[in-house]
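Okay, structure first, notes after.
Coordinate-derived values only; no laboratory data. Computed from a predicted model, the values in this text were never measured in an experiment. We place every Cβ from the backbone using ideal geometry, glycine too, and count neighbours over all the protein chains shown.
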Amino acid sequence: MVVARSGKGVNNSPNKVRGNTLGFFDFIADLPHYHDHSAPVPRMNRRFEVLIEPHKDEINGARVLDLASHDGRWCYAFAGAGAASVVGIEGRQEMVDKFVDYPDEDLKAKIELRVGDLYDGMEAAIANGETYDVIGVFGILYHLMDHFRLFQLVRRLKPKLVIVDSEFMLRPAPIMMLVTERTSNVLNAIPQYEGQERAIKAVPSFKAMERMAEALAFDCEWHDWDARDKYDRRGVSDYYREKDMRRGTCVLRPMF
């Protein structure tokens, strides 16, 4: 079943300004590798409210896999939400090296960061007999070409909950838009062969995400970002774009 594409339907997020309430990611303002970023704290806190908070009961005590884990920030968030253990797979060693700056040693002790190709890492986990209760697919779909293979591998890891956050094309059809991006940017795709300066990627439409989920027997439910109060959207304007592509969040649950 597919429910409520972004803009309509389910509302799992607070829609009032949080005032002086502390957010989970407030601490990143003190991390050296975030000093050059614009407004990372409000952005990460608002995303935490949607990607993590509504699912804390399922994350608590769970085995979690975080795909394309960057500097380990979402691994750390999963651990902070009570995960028993978290594995992150990240393609860039220099990003994993930054995880040492994170403050809470007890949370960090729950986390294992693996460096390598995303697909190879998932294949190795499957070959090793690993399974995960929760899988995070944050900020990676629009840097890939083979999305369906990714979700086939996700399915083989037997999760009860998959949380997806990505850019999606604002087209009514189930399509992929092919574009290229510079591999020198750590926020972009890693090189697909040695020396590659621009990698090719495919950005899926919202409907394409739904079709892939349906084909793999996942229920797909979209979070309604539009339900957030317009005065509480600092740092997350990409979830409200009206042209070309928009960021969106959905959860997948197996129907098998």
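Going through the stretch 142-194, which chymotrypsin sites (Phe, Trp or Tyr not before Pro) have at most 11 other Cβ atoms within 10 Å and a DSSP loop state?
On the way: sites: Y142, F148, F151, F168, Y193; in loops: Y193.
Hits after loop and neighbour filter: Y193.
Run the reach check for K230 against lysines, Cα to Cα strictly under 26 Å, same-chain hits fewer than 8 apart removed. What comes back?
Here the lysines satisfying the reach criterion relative to K230 are K8, K16, K56, K207, K243.
Starting from the Cα of R182, step 7 Å along the direction of its Cβ; do the same at D244; then give the gap between the two resulting points in nm.
Placing both labels 7 Å beyond Cα along the Cβ direction yields 1.6 nm.
In whole Hz and in residue order, list the ³J(HN,Hα) couplings for the stretch 53-65 that follow from phi through the Karplus curve 6.51 cos²θ - 1.76 cosθ + 1.60, θ = phi - 60°; x for Gly and Pro.
Here the 3J(HN,Hα) series is 3, x, 10, 4, 4, 7, 6, 4, x, 8, 8, 10, 10 Hz.
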